[in-house]
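Data first, discussion second: the structure below is written as structure tokens.
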Amino acid sequence: MPTLSQMRDRLRLWLEDDGTVGLWTDAELDEALRWSLERYSRWEPAERVLTATVDAGVTEIALPEDTLDVARVVAPGGQVIPRRAAAPARVVAGEELAWEQFAGALRFTQPLVAGSYTVYYAATRTFPATGDEPFPVPPAAEALILTGALVWALEFRAREEWKRGPLPPRYESRLEAARRDYQALQRDLRRRLRTRTVEVSG
């Protein structure tokens with residue numbers, strides 16, 4: 001798994017930005033990579049586990065800020081608590097224990113018993129804090145991340161150049177080619193995700 005610095009260097013190479021003073025700063029390339037990673041997280045989020053120890057009577061468990069969706073909640077005894085099938089305006093008397101995700105928390109239909117609850121959830125992938133930290137995507141996704149970042153970087157430079165006048169035709173062609181490549185890689189990812197879902201459910 002490459003580091004953030006290595007991904008940044010590869011992006012600069014793809015941009016052919018090899019001058020003494022680069023057209024893009026490291027901060028701009030990091031923002032391009034961050035944008036691309038955020039988009040990738042929507043399709044293939046990180047899978048994480050939260051253990052929450054609660055007191056008896058609690059009806060809510062706070063979720064981490066990076067939570068996208070909750071897959072499963074397991075009670076202290078090992079039984080799986082189901083997701084709430086319907087969401088009436090208020091808790092129905094006698095309703096079985098279930099949960100729903102709302103406003104950054106899991107809300108339960110009944111008070112919980114004391115103990116540790118395990119929450120399996122999908123989360124956004126964390127952008128590296130320093131250049132020597134690993135970039136959080138599998139090797140197969142690196143080209144998609146770099147192509148998305150390439151599009152962001154070219155569009156960013158285009159906006160700067162548009163302030164000075166029309167873009168040269170060669171630049172327009174390069175930007176359009178990058179967009180087509182990115183869209184093709186996105187389609188390939190969605191196709192693989194759909195195929196994988198069918199195989200798991202089948």
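The values are calculated or read from the model by the stated rules, or taken from the named source; none is laboratory data. It should be emphasised that the depicted structure is a prediction, and the values quoted were computed from it without experimental measurement. FYI the Cβ positions are ideal-geometry reconstructions off the backbone, even for glycines, and counts take in every protein chain you see. With ligands, DNA and RNA removed, areas are computed over all heavy atoms of the protein, side chains included. Shrake-Rupley method; radii C 1.70, N 1.55, O 1.52, S 1.80 Å.
Data for the structure
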item: Extreme residue, nearest to Leu185 (Cα to Cα), among residues of the range 13-49 that are open to solvent by 40 Å² or more (accessible area, probe 1.4 Å) and part of a strand (DSSP E or B); result: Glu47
item: Those residues of the range 112-162 which are in contact (Cβ under 8 Å) with a residue 60 or more places away in the chain, open to solvent by 50 Å² or more (accessible area, probe 1.4 Å) and assigned to a helix (DSSP H, G or I), in sequence order; result: Pro139
